[in-house]
Amino acid sequence: MSKAAPFAEIWRGPFLESVHSGHAVICDDSGQIVEAWGDPEKVILPRSSSKMIQALPLINSGAADAAGLSTEQLALACASHQGAAIHTDRVGVWLDTLGLNDGDFRCGAQEPNDRDAMEALIRAHEKPCQIHNNCSGKHSGFLTLNKHLGTGPDYEKPDHAVQKACLEAFETVTQETSPGYGIDGCSAPNPACTLHGMARAMAHFAAAPEGSAEARLHEAMRLHPELVAGEGRACTELMRAMDGKVALKTGAEGFFIAIWPERKLGIALKAACGTTRAAECAITALLVKLGALDANHPAALKRMNAPITNWRGLQTGMLKPAAELAR
């Protein structure tokens, strides 16, 4: 088994202070590995990077079209949003059209990561609701599918029809039998696969024909980057930096995927240490390496060759991609 490869370096002055390592795979539309770092066969949990896969049954079942879902709603179904008004207002309307309310969610209440939204709750002496959960868009998709299927309310359970459909979709696009699952932060099961399998799935999305469920989902993500994550977030800023050419999605514990339809390429990576900064640096470096992203774009510089400053604003170091990843 291959060891994790260096991903990102933290320099303090002239000293290499820390090194983040991980695993990464780039696949083409045949599912073959174009390039890899670390162990392509490492079994991983893709966490929220798999949301567009979990949204496939929403479209393929006919539920999305029956409910008249917009591209904004499809983007939210794939999102890990900030809980900003731009997100929660749209999820609220979605719930209303389903004839449901916050109590029908099974994702749990979460403090919004959007500062304005959090301060508004504090001023109003209100507590966060499930609609503020970063996965409430995904769960709105689950509820839409559940209503279409006419099945029971506990749609997050692994043996529920909704989650069985998600697992079937996951195993189809990864071309693997999942060895098991973990329960995600939003209480839904998150199937495991190899890193190669996840990159293969993303290449499958990238090569999917126009009008397919896969194409509709990555098109929605690329059309509405602000809904997929939020202001200041890597997914949103990097998609904007590439003018919507590439769909990006982060996942907890240092995961990241990319879908590039023009080149029919898929990327999946996992920071072994589970840190966000390592995954963001690595995905940025790979997008620059492939020619999808300008290395001098502010969104790229924020995550690759980024200055590290102290509390006085003095630059004390730099975060930069490891040479093995960049070359």
- Message: With only alpha-carbon atoms in the gyration tensor, what are the semi-axes of the equivalent ellipsoid for the stretch 32-134, in Å, largest first?
- Response: 30, 21, 11
- Taking protein heavy atoms only, a 1.4 Å probe, and rounding to whole percent, the accessible area of the stretch 78-150 owed to carbon and sulfur comes out at 49
- Within the set Ile283, Ile122, Ile53, GNM on the chain using Cα springs under 10 Å gives the largest fluctuation to Ile122
- Which percent of Cα pairs goes in each bin when the distances of the stretch 263-327 are cut into 5 angstrom slices starting at zero? 3, 17, 25, 24, 17, 8, 3, 1, 1, 0
- Among 131-140, 249-258, what's the highest-first ranking by average C-beta atoms within 10 angstrom per residue? 131-140, 249-258
- 3J(HN,Hα) from dihedral phi, the stretch 114-120, Karplus parametrisation 6.51/-1.76/1.60, rounded to Hz, x for glycine, proline: 6, 5, 4, 5, 5, 5, 5
- Item | Solvent-accessible area per residue, Å², over the chain with all protein chains present [probe radius 1.4 Å] | 42
- Which net charge results when you count Lys and Arg as +1 and Asp and Glu as -1 among the other residues whose beta-carbon is under 15 Å from that of Ser30? 0
- Mind checking the alpha-carbon convex hull of the chain and giving the volume per residue in Å³? 126
- Go through 123-129, 74-80, 202-208 and give me the packing order, highest mean Cβ count within 10 Å leading. 74-80, 202-208, 123-129
- Message: By the 4.7 Å beta carbon criterion, which cysteine residues of the chain come out unpaired?
- Response: Cys27, Cys78, Cys129, Cys166, Cys193, Cys235, Cys273, Cys281
- Query: Among residues other than Ala306 whose Cβ falls under 9 Å from its Cβ, what is the net charge (Lys/Arg +1, Asp/Glu -1)?
  - Reply: +4
- Contact order relative to length for the stretch 1-142, counting C-alpha pairs under 8 Å separated by 6 or more residues, stands in percent at 20
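Determine the alpha carbon to alpha carbon distance for each of Lys157/Lys249; Lys245/Lys320; Lys127/Lys320; Lys3/Lys157 and list only those over 29 Å. All intermediate terms of the calculation are to be shown ahead of the outcome.
Details: Lys157/Lys249 24 Å; Lys245/Lys320 24 Å; Lys127/Lys320 39 Å; Lys3/Lys157 35 Å.
Lys127/Lys320; Lys3/Lys157, as the Cα separations exceed 29 Å there.
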- Query: What residues qualify as long-range amide H neighbours of Cys193, i.e. H under 5 Å apart, gap of 5 or more or another chain, H built at 1.01 Å from N?
  - Reply: Ile44
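The values are calculated or read from the model by the stated rules, or taken from the named source; none is laboratory data. Since the structure is predicted, the reported quantities are computational estimates derived from the model, not experimental observations. All Cβ positions, glycine included, derive from the backbone under ideal geometry; neighbour counts span all protein chains shown. Accessible surface is based on the protein model in full, side chains and every heavy atom, while ligands, DNA and RNA are left aside. Shrake-Rupley method; radii C 1.70, N 1.55, O 1.52, S 1.80 Å.
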